[in-house]
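Student: The structure is given below, and queries will be raised subsequently.
The values are calculated or read from the model by the stated rules, or taken from the named source; none is laboratory data. Small disclaimer: the values here were computed from a predicted structure and weren't measured. We place every Cβ from the backbone using ideal geometry, glycine too, and count neighbours over all the protein chains shown. Heads up: the accessible areas ignore ligands, DNA and RNA and are worked out on the full protein's heavy atoms, side chains in. Shrake-Rupley method; radii C 1.70, N 1.55, O 1.52, S 1.80 Å.
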Amino acid sequence: MRLLAVVLALIVITVTPAHAEPRVVGGVVVDNPAEVPWMVALTTSSGYQFCGGALVGPDLVATAAHCVYGRAPSSITVVGGKLDLRTDGGSTSVVKQHQVAEGYSTPSRGNDIALLTLVEGMPYETLPIAETTAVYAAGNVGVVYGWGRLSEHDTTKSPLLHKASIPVMADEQCAAAYARYDAKSMFCAGYPEGGIDACIDDSGGPYVVGGRLAGIVSWGIGCARPNAPGVYTRVKTFLT
Ligand code: ARG
């Protein structure tokens, strides 16, 4: 356990740059619950939020494979129906089972998607899945939602849901930024100059284009750095 903590600390130190982009990074607080009825948080049994997700069925949550891989389903609590995680209300359910995409190993190798079946369904509107690959056209603007860090170095967590609008990047641009980019199972969203991005603990959260689930927060180098866009799971490849 100690060793693991040290190894993790080293990883964090080596991927952390000298400067953080100020302030999901560069976003705003979501204040209208009706905008995101399907948004859920994944938490530990003690309530620590570590990933996001979206209800795609009354008892079905789409999230990133890396959020759940290796965790016992019963140790994951899904929280829905609230924007401020400090408040009471909303719904919670533990996970009955999770199905990780075939071929998943680590986020940068792709296939970073999982479906969670809840023990108890939630009474909220679900998020429809992108119907066509047209949502991935470069320049389309999607909205990413999460309770993750407000900047790369900010280790204090915001209990308030944030969102940011970020354009889809062209495949060539993404491939130029990341040698491991796989256009079949990923896409990038970001600005060449950085500044606006998902960040740590936003993983698993939805990237929504035209009211549909198009992407899932997967990985990136740091957060909001120039020429290092956010990488998302290309949902359409995996879900009908
Ligand atoms: N892997 C991170 C997590 O577990 C999210 C990474 C997203 N990074 C980014 N720069 N878009 O929460």
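Student: List, please: which pairs have Cβ atoms under 8 Å, are six or more places apart or on different chains, and start with a residue in the range 137-149 that is at pLDDT below 95 and end with one that is of a type in the set (V, I, T) and more than 14 Å from the ligand (Cβ to nearest atom)?
Tutor: none
Student: So which residues in the range 195-207 are under 11 Å from the mean Cα position of the chain (by Cα) and more than 9 Å from the ligand (Cβ to nearest atom), if there are any at all?
Tutor: P206, Y207
Student: Moving on. Output yes when any residue across the range 102-121 is under 23 Å from N32 (Cα atoms), modelled with pLDDT of 95 or more, aliphatic (A, V, I, L, M) and assigned to a loop (DSSP other than H, G, I, E, B), and no when none is.
Tutor: Here is the first cut: in the range 102-121, the residues under 23 Å from N32 (Cα atoms) are 121.
So of that shortlist, the ones also modelled with pLDDT of 95 or more come out as 121.
From what is left, the residues that are aliphatic (A, V, I, L, M) are none.
Scanning the range 102-121 turns up no residue that is under 23 Å from N32 (Cα atoms), modelled with pLDDT of 95 or more, aliphatic (A, V, I, L, M) and assigned to a loop (DSSP other than H, G, I, E, B).
Student: Could you give me the residue pairs with C-beta distances under 6 Å whose first residue belongs to the range 109-120 and is on the phi > 0 side of the Ramachandran plot, whose second residue is assigned to a strand (DSSP E or B) and surrounded by 24 or more Cβ atoms within 10 Å (Cβ to Cβ) wherever it lies, and which are 6+ apart or on separate chains?
Tutor: So the pair list comes out as G110/M186.
Student: Shifting gears a bit: Output the residues belonging to the range 210-223 that are β-branched (V, I, T) and open to solvent by 20 Å² or more (accessible area, probe 1.4 Å). Quick ask: steps written out before the conclusion?
Tutor: Pass one, the range 210-223, residues β-branched (V, I, T): 216-217, 221.
Hit for the range 210-223 is I221, nothing else.
Student: Would you check which residues across the range 213-223 are away from the ligand (no atom under 11 Å from the Cβ) and either aromatic (F, W, Y) or in contact with a Ser or Thr (Cβ under 7 Å, 6 or more places away or on another chain) (or both) and list them?
Tutor: Here is the first cut: in the range 213-223, the residues away from the ligand (no atom under 11 Å from the Cβ) are 213-214.
Listed by number, the list is empty, since nothing qualifies.
Student: Looking only at residues in the range 40-54 that are more than 10 Å from the ligand (Cβ to nearest atom) and surrounded by fewer than 24 Cβ atoms within 10 Å (Cβ to Cβ), which one is farthest from L213 (Cα to Cα)?
Tutor: Initially, the range 40-54 is screened for residues more than 10 Å from the ligand (Cβ to nearest atom), giving 40-49, 53-54.
Retained after the next criterion (residues that are surrounded by fewer than 24 Cβ atoms within 10 Å (Cβ to Cβ)): 43-49.
Values: T43: 21, T44: 24, S45: 27, S46: 29, G47: 26, Y48: 25, Q49: 21 Å.
It comes out as S46.
Student: Any residue at all in the range 178-194 that is open to solvent by 10 Å² or more (accessible area, probe 1.4 Å), near the ligand (Cβ under 10 Å from one of its atoms), under 21 Å from V29 (Cα atoms) and of a type in the set (A, V, I, L, M)?
Tutor: Looking through the range 178-194, none of the residues is open to solvent by 10 Å² or more (accessible area, probe 1.4 Å), near the ligand (Cβ under 10 Å from one of its atoms), under 21 Å from V29 (Cα atoms) and of a type in the set (A, V, I, L, M).
Student: Do you know which residues across the range 82-94 are under 18 Å from the mean Cα position of the chain (by Cα) and surrounded by fewer than 19 Cβ atoms within 10 Å (Cβ to Cβ)? Explain how you work it out, then say what you get.
Tutor: Residues of the range 82-94 under 18 Å from the mean Cα position of the chain (by Cα): 82-85.
Correct list: D84, L85.
Student: So, in the range 24-72, how many residues would count as being more than 17 Å from the chain's Cα centre (by Cα) and either part of a strand (DSSP E or B) or not charged (D, E, K, R) (or both)?
Tutor: Matching residues across the range 24-72 total 10.
Student: Taking the condition open to solvent by 60 Å² or more (accessible area, probe 1.4 Å), more than 16 Å from the chain's Cα centre (by Cα) and on the phi < 0 side of the Ramachandran plot, does S75 pass? Lay out the reasoning, then the answer.
Tutor: Details: open to solvent by 60 Å² or more (accessible area, probe 1.4 Å): no; more than 16 Å from the chain's Cα centre (by Cα): yes; on the phi < 0 side of the Ramachandran plot: yes.
No.
Student: Quick one: in the range 95-153, of everything that is among the basic types (K, R) and surrounded by fewer than 15 Cβ atoms within 10 Å (Cβ to Cβ), which residue is nearest to V231 (Cα to Cα)?
Tutor: Residue satisfying both the conditions and the ranking: R109.
Student: OK, next. Determine whether V28 is closer than 20 Å to W147 by Cα and among the aliphatic types (A, V, I, L, M). First the steps, then the outcome.
Tutor: Working: closer than 20 Å to W147 by Cα: yes; among the aliphatic types (A, V, I, L, M): yes.
Yes: the conditions hold for V28.
Student: Okay, moving on. Of the numbered conditions (1) at positive phi; (2) not in a loop (DSSP other than H, G, I, E, B), V95 satisfies every one except a single condition; which is it?
Tutor: Unmet for V95, out of (1) at positive phi; (2) not in a loop (DSSP other than H, G, I, E, B): (1).
Student: I would also like to ask the following. Identify the residue in the range 224-240 that is more than 13 Å from the chain's Cα centre (by Cα) and within 15 Å of the ligand (Cβ to nearest atom) and, among all such residues, is surrounded by the most Cβ atoms within 10 Å (Cβ to Cβ).
Tutor: Just the residues of the range 224-240 that are more than 13 Å from the chain's Cα centre (by Cα), to begin with: 224-229, 236-240.
In the following step, the residues that additionally are within 15 Å of the ligand (Cβ to nearest atom) were identified as 224-229.
Values: A224: 29, R225: 21, P226: 13, N227: 14, A228: 19, P229: 27.
Out of the qualifying residues, it is A224.
Student: What pairs can you find where one residue is in the range 193-211 and under 13 Å from L42 (Cα atoms), the other is part of a strand (DSSP E or B) and near the ligand (Cβ under 7 Å from one of its atoms), and their Cβ atoms are less than 6 Å apart, with a gap of 6+ or different chains?
Tutor: Going by the 6 Å Cβ cut-off, the qualifying pairs are D202/V217; S203/C51; S203/V217; G204/C51; G205/V217.
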